[in-house]
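**Q** Sharing a structure here in structure tokens format.
The values are calculated or read from the model by the stated rules, or taken from the named source; none is laboratory data. Quick caveat: nothing in here was measured; it's all calculated off a predicted structure. Note: ideal-geometry Cβ built from the backbone for every residue, glycine included; neighbour counts use all protein chains shown.
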Amino acid sequence: MHPLPRIAFSFCLSSLICFSSLSIAFAKPDQVLREEAAAASYSPSYSCLAAATSPSVRVVACTIAIDGKMVGGADLAAAYVNRGQGHRSAGDSSRAAADFREAIRLLDGLGELSGAQRLHRGIAHHALGQSDRALADYNAAIELDARNALAYADRAILRVAQQDPHGALADLDRALNIVPDNPETLALRAEVLAATGENVRALTDLDRAIALAPSNPRLLTMRGVVMTRLDEPDQALENYRAALTFDERHIEARVNRGALYALLGDNDKAIADLDIALEIQPQNSVAAYNRGYAHFAKRDYERALVDYSAAIDANPRLGWAFTNRCLTRVILGRELPAALADCDQALKLMPGHADTRETRGFVHLKLGDNEIALKEYEDVLRENPGRPLSLWGRALARARKGDTQGSAADRDAARALLPKVEREFAAYGVR
């Protein structure tokens, strides 16, 4: 058991596995999008193949170019790759996959490929989850053109997915040596740096990227997350405010500002932001999870339970949501077998997780399974001896088993670490 469930941030800075796209698509002002859309109708081939156009415009332009037979050969394959990326950005995975497969088929039929063509095929293989083939294509693209910055950046993303952050950073360094003022590559490097704990270096990259693209809400949100990690909440809030000034529906800014408000104890503001986030994106598991956190902090356990369940429905692999729903069910004093099942599922997703083991020990205390509760707390304390809640839980289990001396020692140790520890347990109905 832990006194308050942990908050979660929705941005990729929280984990390397958050890299899921082959390139960053930054939001653009409406006027720019209208101009791009107009250009797509006049010059679909150019708008389809140009790197600067937005994903939505690429889908339109590439569809016109492909259906109208305006491109052929390698350009046709590139059109399918670009349209696939547009579909992917829009969440249309089936159409994206079909486009990537067609691009690969076309490129396979061209014989000897150039560096740019190997890069396109690598992007398609990468998007389809064919990592080994993608890596081979990226390597070949770089061998054929050592100045291809995009090939280095895309290989970096693949290396992150393969849990090779150092290799990714080396590739991003090379990409930025070739094109120093690319805000997208700077943002990618900032993500890797922050995910490996180098938040100060990440902030340097983000400052530089924002100087190049000052109205970009995604970059401002990223800087807000890094500022939170650097314990600069006021600056983090200012970055989120700026991001929402440019795009009030920016989901990551809403979710992360809500998370920060909850961490600061301003749960009403947190819930207000997260309400808006869930109106925009009802299936956002992190928004639901964080709103559950805020409701839990307000001791509104019924609403917390609803939110944790919604988070799990949206993402059944969100281990923290299972742990927190387990704890919430225990506090409510009902569905204890279901609570235990939640903790068990959390441990399947996060093996050996101390907070979950602690919570499961508390469930067994509530159920009267003192022997099992004792074992849970002892397992936690063996690896984490300074956990006051586990010490207090073990004290209760020992007392119930007649070990008054061991119980007293645990109580003293727990109080020394957390003077209010007894109150925590008493509030949840265990003495």
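**Q** Among the residues of the range 318-327, are any in the same structural domain as ALA413 (by TED's automatic domain parsing), under 29 Å from GLY265 (Cα atoms), in contact (Cβ under 8 Å) with a residue 40 or more places away in the chain and surrounded by fewer than 18 Cβ atoms within 10 Å (Cβ to Cβ)?
**A** The answer is no; no qualifying residue exists.
**Q** A further question follows. Being crowded, with 24+ Cβ neighbours inside 10 Å and free of Cβ contacts under 8 Å to residues at least 60 places away in the same chain is the filter; apply it to the range 351-363 and report the residue that is nearest to PRO385 (Cα to Cα).
**A** Residue satisfying both the conditions and the ranking: ARG357.
**Q** Check whether at least one residue in the range 193-213 is closer than 23 Å to SER131 by Cα, without any contact (Cβ under 8 Å) to a residue 60 or more places away in the chain, buried (at least 18 other Cβ atoms within 10 Å of the Cβ) and among the aliphatic types (A, V, I, L, M), and report yes or no.
**A** Yes, the conditions are met somewhere in the range 193-213.
**Q** Here is a list: ASP410, ASP403. Which entry is crowded, with 16+ Cβ neighbours inside 10 Å, over 23 Å from PRO351 (Cβ atoms) and either more than 40 Å from the chain's Cα centre (by Cα) or of a type in the set (Gly, Ala, Ser) (or both)? Walk me through it before giving the result.
**A** On the way: ASP410 fails: either more than 40 Å from the chain's Cα centre (by Cα) or of a type in the set (Gly, Ala, Ser) (or both).
Exactly one of ASP410, ASP403 is crowded, with 16+ Cβ neighbours inside 10 Å, over 23 Å from PRO351 (Cβ atoms) and either more than 40 Å from the chain's Cα centre (by Cα) or of a type in the set (Gly, Ala, Ser) (or both), namely ASP403.
**Q** Can we say ILE66 is surrounded by 15 or more Cβ atoms within 10 Å (Cβ to Cβ) and in contact with a Lys or Arg (Cβ under 8 Å, 6 or more places away or on another chain)? So that I can check it myself, show each step before the final result.
**A** Numbers: surrounded by 15 or more Cβ atoms within 10 Å (Cβ to Cβ): yes; in contact with a Lys or Arg (Cβ under 8 Å, 6 or more places away or on another chain): yes.
In short, yes.
**Q** If you go through the range 395-402 one residue at a time, do you hit one that is out of contact with any Lys or Arg (no Cβ under 9 Å at 6 or more places or on another chain), in contact (Cβ under 8 Å) with a residue 12 or more places away in the chain and assigned to a loop (DSSP other than H, G, I, E, B)?
**A** Taking every residue of the range 395-402 in turn, at least one turns out to be out of contact with any Lys or Arg (no Cβ under 9 Å at 6 or more places or on another chain), in contact (Cβ under 8 Å) with a residue 12 or more places away in the chain and assigned to a loop (DSSP other than H, G, I, E, B).
**Q** What single numbered condition from (1) surrounded by 15 or more Cβ atoms within 10 Å (Cβ to Cβ); (2) modelled with pLDDT under 95 fails to hold for ALA98?
**A** Here ALA98 meets the rest and fails (2).
**Q** Does ALA195 qualify as being modelled with pLDDT of 95 or more and either farther than 30 Å from ARG303 by Cα or within 18 Å of the chain's Cα centre (by Cα) (or both)? Write out each step before concluding.
**A** Numbers: modelled with pLDDT of 95 or more: no; either farther than 30 Å from ARG303 by Cα or within 18 Å of the chain's Cα centre (by Cα) (or both): yes.
No.
**Q** I need the helices (runs of 4 or more DSSP H) fully contained in the range 240-301, keeping only those with at least 1 residues that are in contact with an Asp or Glu (Cβ under 7 Å, 6 or more places away or on another chain) and free of Cβ contacts under 8 Å to residues at least 40 places away in the same chain. Break it down stepwise before answering.
**A** Values: elements: 251-263, 267-280, 285-297.
Once the helices (runs of 4 or more DSSP H) in the range 240-301 are filtered for at least 1 residues that are in contact with an Asp or Glu (Cβ under 7 Å, 6 or more places away or on another chain) and free of Cβ contacts under 8 Å to residues at least 40 places away in the same chain, what remains is 251-263, 285-297.
**Q** Looking at (1) farther than 20 Å from GLU184 by Cα; (2) touching a residue at least 40 places away in the same chain (Cβ under 8 Å); (3) hydrophobic (A, V, I, L, M, F, W, C), can you tell me which one ILE157 breaks?
**A** Evaluating ILE157 over (1) farther than 20 Å from GLU184 by Cα; (2) touching a residue at least 40 places away in the same chain (Cβ under 8 Å); (3) hydrophobic (A, V, I, L, M, F, W, C) leaves (1) as the failure.
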